[in-house]
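The structure appears right after this line, and notes come after that.
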Amino acid sequence: MEIIKNILLAAFTSVIVENTIFSRALGTSTLILVARNRKNIFGFGISVTYITAVVSVLTYFAGKIFDLSGDSYIYAPLVYILILGAVYILTLLGLWRFAVTLFVKIRKYIHMSAFNCAVLGAMFIISKYCETFTDYLVNGIGVGLGFVLAVYITAIVYDRIYSEKVPYSFRGFPLMMIYIGILSMAFWGFSGHIANY
Amino acid sequence: MVSGNEKTEASMMTDMLIVLLVLAAVSVYYYGLRAAILIAITSAVCCLTDFICIKLRKKEAQLSDMSALMTGLTLSLMLPASAPYFAAVTAAVFAIAAAKQVFGGRGCEIFNPAAVGFLFVSLCFPENILTYPGYSNTFMSMPLDSLVPSDVMLRPSMMRAFIATGSSPAPLLDILVGKFYGPMGTGVLAVIAVAAVFLVLRRTVSAIALLSEIAVSGTAVFILSGFDPLSVLCFFAGGMTLFGMIFLSCEYSTVPKTKSSRFIYGILVGGITVLLHYYAKAENAVVYAVIIAAPFGIELDKRALSFAGMLNKKGIFSKTNKSVKHMQETLDILEKNNEEK
Amino acid sequence: MEKIPEENSCKNIIFNAVLKKNPILVSGMVIAPAVMTADSFSSAVTLSAAFSLITFFTLLISSFVPKKIVYTIRIIMYAFIGALVYVPSAIALEYFIPDGIEQMGIFFPLLIINSLIVSRSESIFFLETKGKMMLDIIFCIIGYDAAVILFGIIREIIGSGAAGEKIIGMPVVFSAFTEPFGGFILLGAMAALLRVLLAFIKKVRQK
């Protein structure tokens, strides 16, 4: 019971409180690209969550094999990119071999769900703060879900942000930044923000 | 409007303004001249910013548009009576410029402007906005300097104490009449409750959304506080919870338009408020909750409308059937929206 | 990827790279490090130094990657080259600005996957010569750096009331702008201002 409670708490923390976009701003550029097309969000969500989950598990084992602390931290990106690339290629090969229709569908955006700041950032953050295997797994899934949540919240107002009623100088990207800013201001409330007085 | 076809926007605005003015009068009664000045400054700056933004966008400003005044009044009632004037001005400018006009002006807001403005100043100047002076009934009790001098006792709100101890720090009567440390006009539970009944009966505030919000959050707090009714009242009075539920979440331009989505939206706002209150120990949980729930309200509306459109295409419900009257109204809104586009 | 411009003159390329298609303020690339770390002049300079180093050398090397390889594979090679370039850049910057790099934390290595690298490495498809491509890359980086440094300066002035770590007499300081959400909002406002400026330039040119 205690374990389940802890896992749920950790999942809530990584999805909502430490949300990839709203509290760390990781992967905002990808979010702008993905939020354009509502149809892809579901598939994108599954692929990004899958990749963060697998990759963070592999990061756990990589941390056991290579010592990336201290001065050798400069080689960490190399190791992480190799892991990411391996997962990416193996996934594509697997899909191509066993589910061709899915492969064709997913090919358009799988590179966006693998090579973005959210995934790579997750590897860095997780390897910095997590210790046990469950931590790695839960946080890996949580980062993916949190990213998808942010994409979803942005996509549902996409046509409002690009609507004719919005003044021209703010239409599109500038307003999206303000929108994300206001939302991350509200999500700030979750991190137990207590003023210093 | 689904919940009142005969109700015009202007009459709803008048209702809201009447209630807000009553609350403003109460706060002037408690905090004296300084409260009046703060309310005047915030409202005036809101209207002025609105006017300037409309002119910058090269649109026609309408005199009948009272929404900026309403934002200003709502915003000022959420500030403490000791709030510095520059904070009030910042809140007003930010609310109108960054949360209203940028999104396309009246009727196009995604977030409630007053909530955004308040949140911004409370994060910018927490030591000024989240500490409160004591009430008194004399007119000149508060000094009129922008920053109140240090001899005025400023304290964290009652909500902080409630969060820290878990039980109500003030007796029942004080909570009902708003005699505790807190924002100027959001703590007088008796007046706000009467206002809520008035607004619901006048169909200005959506009964479905408001009641589901109150039911969800009330029940949750009742259970989590160990079945203590006083805690529930304290939760609604402190931290502007009831005030926020009426004037921030159910304000007609940002509340969802269909009944089913209003119901779910209400549950969402209530749930997030309780979550923030207990998990994150946020003081003004409802303000955060209103902003987080706002995009979902838009999405719920879209879902409900497309669902109704689908049913209509298949001819599942006929116009004579009274039980699907609500669906019909939904469809009317859908058609109206299409015409506008 | 992007529309082919009618005129690929050098002047046009520079104008597009710095203003009309400014990487951060118009296309919205590489936002995360700017929003999270560039909250003062010095941190903005650190960020732009790190960004310029990594992006320029990664793009320089990846321009030799044959374009016959499919895109799905090419993108891994770009990322791998980025990780390779990161090693000497980290050593160099660690030597010159140790404090700034430490403040950047994980956002420094994150620069190896940035959307500018991906989009610019494809620019050879519509810019005919390699010289023009290099020009485009250099001015894109300059455009990004200028925008980020301006962003850092404005953020420092209104967010902490200082200019280059010296306190200047600001009447009101909005500390919220040093937080990430303030960064988002300020970035949106700056992007809108750039649009106004571009509309103005267009008007003047037409006259």
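Key figures for this structure:
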quantity: Selection from C:101, C:178, C:50 lying farthest towards where the dipole of the range C:14-206 points positive, charges on Cβ; calculated: C:50
quantity: Built amide H within the under 5 Å cut-off of residue C:162, gap 5+; calculated: C:157, C:168
quantity: Global geometry of the range C:14-206, whether rounded, prolate or oblate, following the gyration tensor of its Cα atoms and the 1.5 cut on a/c; calculated: oblate
quantity: Dipole magnitude (debye, nearest 20) for the protein assembly as shown, charges at Cβ of Lys, Arg, Asp, Glu; calculated: 2620
quantity: Calculated P(r) tail over 38 Å for the protein assembly as shown, as whole % of Cα pairs; calculated: 41
quantity: Per-residue average of Cβ from other chains inside 10 Å of A:143-154; calculated: 1
quantity: Shielding by partners, peptide C:66-78 (average Cβ within 10 angstrom, other chains); calculated: 3
quantity: Length gained when the stretch residue A:129-residue A:162 is fully extended (0.36 nm per residue, less Cα-Cα span); calculated: 8.0 nm
quantity: Global size of the range B:69-138 as Cα Rg and Dmax, reported in angstrom; calculated: 12.7, 43
quantity: Listed residue pairs exceeding 22 Å between alpha carbons, taken from C:20/C:166; C:21/C:67; C:11/C:68; C:20/C:132; B:100/C:202; calculated: C:20/C:166; C:21/C:67; C:11/C:68; B:100/C:202
quantity: Check: chain B dipole with +1 on Lys, Arg Cβ and -1 on Asp, Glu Cβ, in debye; calculated: 860
quantity: Relative intensity, log₁₀ I(q)/I(0), of the range C:1-122 from a Debye sum that treats every alpha carbon as a point, q = 0.14 Å⁻¹; calculated: -0.66
quantity: 14 Å beta-carbon shell around residue A:127, net charge (K/R +1, D/E -1); calculated: -1
quantity: Candidate lysines for bridging to residue B:313, where Cα separation is under 20 Å - those fewer than 8 sequence places away on the same chain excluded; calculated: B:302, B:322, B:325, B:336
quantity: Whether the range A:105-197 is rounded, prolate or oblate, judged on the alpha carbon gyration tensor where a/c under 1.5 counts as rounded; calculated: oblate
quantity: Average beta carbon contacts from partner chains per residue of B:109-121, 10 Å cutoff; calculated: 3
quantity: Local net charge near residue B:188, Cβ-Cβ under 15 Å (Lys/Arg +1, Asp/Glu -1); calculated: 0
quantity: The range A:17-157: relative contact order in percent, alpha carbon pairs under 8 Å with at least 6 residues between; calculated: 49
quantity: Whole-number percent relative contact order across the range B:188-262, with pairs defined as alpha carbons under 8 Å at least 6 apart; calculated: 38
quantity: Kirkwood Rh, angstrom, chain B [1 / mean 1/r, Cα pairs]; calculated: 20.6
quantity: Within chain A, helix-based [θ] at 222 nm, where runs of 4 or more DSSP H residues each add -39,500 (n - 2.57), nearest 500; calculated: -22500 deg cm²/dmol
quantity: Among C:144, C:129, C:204 - extreme Cα towards positive end, dipole of the range C:118-207, charges at beta-carbon; calculated: C:204
quantity: Taking the range C:14-206 and dividing mean pair separation by its residue count, relative contact order in percent (alpha carbons under 8 Å, at least six apart); calculated: 35
quantity: Long-range amide H partners of residue B:141 with built H, under 5 Å; calculated: B:33
quantity: Which of C:84, A:47, B:19, positive extreme of dipole for the protein assembly as shown (C-beta unit charges); calculated: A:47
quantity: Cα shape, chain A, gyration tensor, a/c 1.5 rule; calculated: oblate
quantity: Dipole magnitude of the range B:55-170 about its Cα centre (Cβ charges: Lys, Arg +1; Asp, Glu -1), debye to nearest 20; calculated: 420
quantity: Counted charge near residue C:60, where neighbours are those whose Cβ lies closer than 12 Å (Asp, Glu -1; Lys, Arg +1); calculated: +2
quantity: Net lengthening on full extension, residue B:155/residue B:138 (0.36 nm per residue, minus Cα-Cα); calculated: 4.2 nm
quantity: Cα centroid separation, the range C:77-124 to the range B:222-259 (Å); calculated: 48
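Coordinate-derived values only; no laboratory data. What you see is a predicted model; the values in this text were computed from it and never measured. All Cβ positions, even for glycine, are placed from backbone atoms using ideal geometry, and neighbour counts span all protein chains on display.
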